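Asker: Attaching a single structure in structure tokens format; questions to follow.
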């Protein structure tokens, strides 16, 4: 029991609090020690043991499960004016009173429903179509921020508790998965949400465990009803019960406080270790939530304030080659202009020939592009289903497109370069670099 409790404490420190005390290797050794003890004394094995997170044979499919209370989608708002309009609707529904709101981050992942009976993990279900989901319990067990046993005191709420949350992949984990897929010759995932959705529906729980999914809890139900008088209480209880709850949440007395939070988090968006695509705003009182009800597909007491899109699909009209100050030839995709991240994007660097080959990109292709925190848009993948057969392969020129000089690509390098010493593009590039603030500061410090 002591060993099991020690492992559970380390799981909470690592997966819930982000404050580990031991290394991954030390943790694995503790797990193996517990597994050996349970094998020797099977009478001590319990369903909530840390060794039971991954086990059993791969499933042949997932049974269907009907949600006790529908997992509805949210109406979207993309402007401050629409947020204020949401507030006006809520005031009218509340008989003129101004309701409190809870604002929390909209994690870019997939929704899960986790069921507990007498404090023990019983079932994990996907959102599905909102009414019916898939029972993926064996896979949800592998998510270490999902407790297999709720902490003491949880039974006082109800014998059957349902906690809903958003499963996601941390950015570092996502990049590692994509790097591994590239090494194995498999296509990269377009975004963490797609990778997380694919992971949770794997038939082999051991494969799911390797993806290292995480989850933020965002709601608590007792049977088919809300478990607490306020949403804020539900979030705080979920945290005490052992769930990971996003710390970036605020209780707001007015829609202006909500707007302030939305604006502040958009600035911090790129500093987070996971992807968000906006803020979810909910009426705090669960009695008011029940009173407001829902439309055919979305609750009237909540709205998703969406930030400007980071990804979009557009067409590659041409690929041109730029020559830099070092003579490097860089292919650039000339795109059909598209709105992305609040700006119009019409160009995207393709880096080099190898990147074009990796993408399998042709002139005329439709592509999925992304504009992240680094501002520079990049091509993520080719939408091959939109090909017509009229697309053209791109070939890097053998002579410099600016001066006509010879182009060379040394063995082992990814970049081709113009070797002409008098190339105008290189001369202009060097002059601009010299005149840049960073270069001038370097020169000034070396003189001093």
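A quick yes/no check of all residues on (1) at pLDDT below 90; (2) surrounded by fewer than 17 Cβ atoms within 10 Å (Cβ to Cβ):
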| residue | (1), (2) |
| --- | --- |
| 263 | no, yes |
| 279 | no, no |
| 282 | no, no |
| 291 | no, yes |
| 303 | no, no |
| 308 | yes, yes |
| 317 | no, yes |
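Asker: Identify the residue in region 231-245 that is free of Cβ contacts under 8 Å to residues at least 60 places away in the same chain and part of a helix (DSSP H, G or I) and, among all such residues, is farthest from the chain's Cα centre (by Cα).
Answerer: The extreme case among them is 233.
Asker: Which numbered condition in (1) out of contact with any helix residue (DSSP H, G or I) (no Cβ under 8 Å at 6 or more places or on another chain); (2) at negative phi; (3) not in a strand (DSSP E or B) is the only one that residue 407 fails?
Answerer: (3)
Asker: Still on this structure, please answer the following. Counting just the residues of region 39-51 that are under 36 Å from the mean Cα position of the chain (by Cα) and in a helix (DSSP H, G or I), which one comes out surrounded by the most Cβ atoms within 10 Å (Cβ to Cβ)?
Answerer: 50
Asker: Would you point out which residue out of 167, 158 is touching a residue at least 24 places away in the same chain (Cβ under 8 Å) and buried (at least 22 other Cβ atoms within 10 Å of the Cβ)?
Answerer: The unique qualifying residue is 167.
Asker: Anything in region 94-121 that is farther than 22 Å from residue 189 by Cβ and part of a loop (DSSP other than H, G, I, E, B)? List them, or say none.
Answerer: Result: 94, 95, 96, 97, 98, 99, 100, 118, 119.
Asker: OK, next. Among the residues of region 346-363, count how many are in contact with a strand residue (DSSP E or B) (Cβ under 6 Å, 6 or more places away or on another chain) and either in a strand (DSSP E or B) or surrounded by fewer than 16 Cβ atoms within 10 Å (Cβ to Cβ) (or both).
Answerer: 7
Asker: Starting from residues that are in a strand (DSSP E or B) and out of contact with any strand residue (DSSP E or B) (no Cβ under 7 Å at 6 or more places or on another chain), keep the ones in region 264-299 and report whichever is farthest from residue 106 (Cα to Cα).
Answerer: 294
Asker: Right, something else. Checking residue 398 against (1) over 35 Å from the mean Cα position of the chain (by Cα); (2) surrounded by fewer than 12 Cβ atoms within 10 Å (Cβ to Cβ); (3) modelled with pLDDT under 90, which test does it fail?
Answerer: (3)
Asker: OK, next. Hey, could you check region 183-194 for residues that are surrounded by fewer than 22 Cβ atoms within 10 Å (Cβ to Cβ) and touching a residue at least 24 places away in the same chain (Cβ under 8 Å) and say which is nearest to residue 126 (Cα to Cα)?
Answerer: Checked region 183-194; the qualifying residue nearest to residue 126 (Cα to Cα) is 193.
Asker: Also: Please state which one of 124, 133 is assigned to a strand (DSSP E or B), surrounded by 15 or more Cβ atoms within 10 Å (Cβ to Cβ) and free of Cβ contacts under 8 Å to residues at least 24 places away in the same chain.
Answerer: The conditions single out 124.
Asker: In region 85-108, which residues are over 19 Å from residue 294 (Cβ atoms) and exposed (fewer than 15 other Cβ atoms within 10 Å of the Cβ)?
Answerer: Residues satisfying the conditions are 96, 97, 98.
Asker: What are the residues in region 314-344 that are out of contact with any strand residue (DSSP E or B) (no Cβ under 8 Å at 6 or more places or on another chain) and under 30 Å from residue 419 (Cα atoms), if any?
Answerer: Answer for region 314-344, where residues must be out of contact with any strand residue (DSSP E or B) (no Cβ under 8 Å at 6 or more places or on another chain) and under 30 Å from residue 419 (Cα atoms): just 325.
The values are calculated or read from the model by the stated rules, or taken from the named source; none is laboratory data. As the structure is a computational prediction, the values presented were derived from the model and not from experiment. So basically every Cβ, Gly included, is an ideal-geometry build from the backbone, and we count neighbours across all protein chains shown.
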